[in-house]
Structure formats: C-alpha cells, structure tokens
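The values are calculated or read from the model by the stated rules, or taken from the named source; none is laboratory data. Everything numeric in this text was worked out from a predicted model, so none of it was measured. Heads up, the Cβs are rebuilt from the backbone with ideal geometry, glycines too, and the neighbour counts pull from every protein chain shown. Heavy atoms of the whole protein, side chains included, go into the accessibility calculation; ligands, DNA and RNA do not. Shrake-Rupley method; radii C 1.70, N 1.55, O 1.52, S 1.80 Å.
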Amino acid sequence: VMVELAARQVPGAVFRRADIRDVALEEGSFDAVCVYFSLLQMDRADQAAVVRRLVRALRPGGHLALATVPLEVQDAEGVFMGQPVRVTSFSPDGVTALVREAGLEVLAREQVLFTPAHPDAAPEPHLFVHGRRATAAAG
C-alpha cells in the first residue's frame, strides 16, 4: 500500500517493495539514504551488514538519515500498530557506534519520546542519526 501511495504522490519516480538485504547496490550510487525504523526486525548482524552496505552505496560526502527505537533488546516481543512483532535493536550509543563503524561521520543525533497515535500505544524512545560518508582523499 505504501508503494502505491508513494507512486501516486510522485508519479515520475520509481518505487518498489524489496528486502534491502537482497537489493543490489552499486558503490557510490546515492547522494542520500534514509533508513526509518526498517532495521528493527533484523538481527544485529543483519542490521550492521545493511548499514555497511548502505554507507558503501553513498557517494563520498553523501548523507544517511537513520531513525530507530534505541533499546538494548534482541528478539523481543513487541507490538506495532496493534500487531505483534519481534524486535532487535541497540542502545542509543550502540546505534551511534554502528553508524560510525560503518564509515560515517555523525553530524547530528537526537533522541525524543514519541507516543504513536494508536489506542494501545505506549510512549517509546526514537533516535535520529544524521551521518555523512567521508569525502575522497585529495590526490
């Protein structure tokens, strides 16, 4: 449904549904990448591998914006919009370390408390990290 909505909003763009772990990404092919809450249902090894792949896909000087729920949990039971989910994440410092270890300079980090607009929702922490891939060294 989200792909259909996006295609209606931006008819000149191409949208597709895919598992980021399986998508071929050419090195240096993106100016920016957004990763919003999509890592939470992957294990920690997959999260680290995906972030590394996305950083490699950025051109030098390219930006990555990442949002997640920063909790020190592995394969925990959770609820998202009334649906049961399994969640794995890192602490706020763990998320920041993950981004740095993948090769990004962290430009900004903000943590907020958010309550989803769902009758059964409880407040949850959200972490937003903005990073930049290092520029190529001058020859």
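Couple of notes before you dig in:
- Here Thr135 does not fit the description of being open to solvent by less than 70 Å² (accessible area, probe 1.4 Å), under 27 Å from Glu27 (Cα atoms) and hydroxyl-bearing (Ser, Thr, Tyr).
- Matching residues in the range 100-122 - criterion: being outside any strand (DSSP E or B), open to solvent by 80 Å² or more (accessible area, probe 1.4 Å) and touching a residue at least 40 places away in the same chain (Cβ under 8 Å): Glu101, Asp120
- When the range 128-138 is limited to residues that are touching a residue at least 40 places away in the same chain (Cβ under 8 Å) and farther than 14 Å from Ala65 by Cβ, the one that is nearest to the chain's Cα centre (by Cα) turns out to be Ala134.
- Qualifying position, being closer than 19 Å to Met42 by Cβ, in contact with a strand residue (DSSP E or B) (Cβ under 9 Å, 6 or more places away or on another chain), modelled with pLDDT of 90 or more and of a type in the set (A, V, I, L, M, F, W, C), among Val112, Val99, Val106, Val79: Val99
- Residue list for the range 19-40, filter: under 27 Å from Glu124 (Cα atoms) and open to solvent by less than 80 Å² (accessible area, probe 1.4 Å): Asp19, Ile20, Ala32, Val33, Val35, Phe37, Ser38, Leu39, Leu40
- Scan the range 36-58 for residues that are over 14 Å from Ala102 (Cα atoms) and in contact (Cβ under 8 Å) with a residue 24 or more places away in the chain and the total you get is 7.
- Pro125 meets all of the listed conditions (1) touching a residue at least 12 places away in the same chain (Cβ under 8 Å); (2) touching a Pro at 6+ places or on another chain (Cβ under 9 Å); (3) open to solvent by 90 Å² or more (accessible area, probe 1.4 Å) but one, namely (3).
- Taken over the range 1-31, the residue count meeting the criterion of being in contact (Cβ under 8 Å) with a residue 24 or more places away in the chain and either hydroxyl-bearing (Ser, Thr, Tyr) or more than 30 Å from Asp43 (Cβ to Cβ) (or both) is 1.
- Members of the range 41-84 found to be open to solvent by 30 Å² or more (accessible area, probe 1.4 Å), over 19 Å from Gln111 (Cβ atoms) and β-branched (Val, Ile, Thr), listed by number: Val79
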